[in-house]
Amino acid sequence: MAKANEINEKVFVPPIEKKNITLTLVGDSPLICHRWSEKAKKEMLDNMTGAAKKGKEPKRPIQEYADAFYWLTDKPDFTDMSEEEIMKCVDKGRFGFPTTAFKKAAIDAAYQQGAIKKKTTMRGAFHINGELVEIIGKPIVREDPVKVGINGTDMRYRPEFPEWSVKLLITYNPNAVTKEQIVNAMNIAGFSNGVGEWRVEKDGVYGRFHIA
């Protein structure tokens, strides 16, 4: 039995209008991937927690390269593999890139161009479906010297896609943002921001793209 002060009301919840668009992005400069390996993450955690450090293991460039991919196919255990075996696994693999990188680039570009006043407004206005989007292209091994600490240097081995493209499936709220705004923001992002390591936004020249 309902209490005297309880009022049963029906509340109408209007459905959110949603539309989809698909954008194909084509690379204008190479895309560099750098997913942190489990080994690298453990080393960082050990440094933060003060855990005892092990002796430095010999560097395995090809394994470091393979670990830096965002694997879409099952990632093999490279521990006991030779470099040739690892490269065969890479040749058979399919790889992705975080969709959040493209969304962030588009929102930052729209904000920098004055198209939006607040980034939070556009963050909830559209979503790129999936956590990773597949990269269409053939990767190569990239070798770069990097600074470590104050005076230290090291070599990094990462995947580079000289020619690449991705297909983004975007769901958006047309009452909050137009299709044209999303397309323009993404196109500007490809020129002024880029994605990946050493992208334009970070004073690099990599990761630029345009809408096909």
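Quick note: the coordinates plus some simple rules give every number you see, no bench work behind them. Small disclaimer: the values here were computed from a predicted structure and weren't measured. Because the Cβ atoms are built from the backbone with ideal geometry, glycine has one as well, and the counts that use them run over all protein chains shown.
Annotations for the structure displayed:
- The Cα atoms of the stretch 138-212 cover 53, 30, 18 Å along the three principal axes, with the biggest extent listed first.
- Charge dipole of the chain (Cα centre as origin; +1 on each Lys and Arg Cβ, -1 on each Asp and Glu Cβ, all else neutral): 720 debye, rounded to the nearest 20.
- Nearest 10 degrees, 0 to 90: helix 38-49 Cα axis against the chain principal axis: 80
- Residue exposure sequence - Val205, Val146, Val133 - by fewest surrounding Cβ within 10 Å: Val146, Val205, Val133
- Taken over the alpha carbons of the stretch 72-152 as equal point scatterers, the Debye sum produces base-10 log I(q)/I(0) values at 0.18, 0.21, 0.24 Å⁻¹ of -0.91, -0.98, -1.09.
- Most tightly packed first, judged by the mean number of other beta-carbon atoms within 10 Å of their residues, the peptides 136-142, 88-94, 187-193 read 187-193, 136-142, 88-94.
- Cross-link pairs exceeding 23 Å between alpha carbons, from the set Lys18/Lys103; Lys119/Lys202; Lys59/Lys104; Lys92/Lys202: Lys59/Lys104; Lys92/Lys202.
- 0 to 90° range, to nearest 10: angle between helix 99-112 axis and the chain longest Cα axis: 70
- Size-normalised alpha-carbon gyration radius of the stretch 19-211, reference 2.2 N^0.38 Å: 1.15
- Residues Tyr172, Tyr111 in ascending order of nearby Cβ atoms (within 10 Å, fewest first): Tyr111, Tyr172.
- Here is how the number arises for the chain: DSSP H runs of 4 or more residues each give -39500 (n - 2.57), the sum is divided by the residue count, and the result at 222 nm is -8500 deg cm²/dmol.
- In the stretch 19-211, a dipole from Cβ-located charges (positive for Lys and Arg, negative for Asp and Glu) runs towards its positive end, and of Trp198, Ala66, Leu168 it is Leu168 whose Cα lies farthest in that direction.
- Helix 179-192 and the long axis of the chain differ in direction by around 30°, with both axes built from C-alpha atoms.
- Residues Thr100, Thr22, sorted so that the one with the fewest Cβ neighbours within 10 Å comes first: Thr22, Thr100
- Each part gets one Cα centre, and for the stretch 63-79 versus the stretch 162-196 those centres are 28 Å apart.
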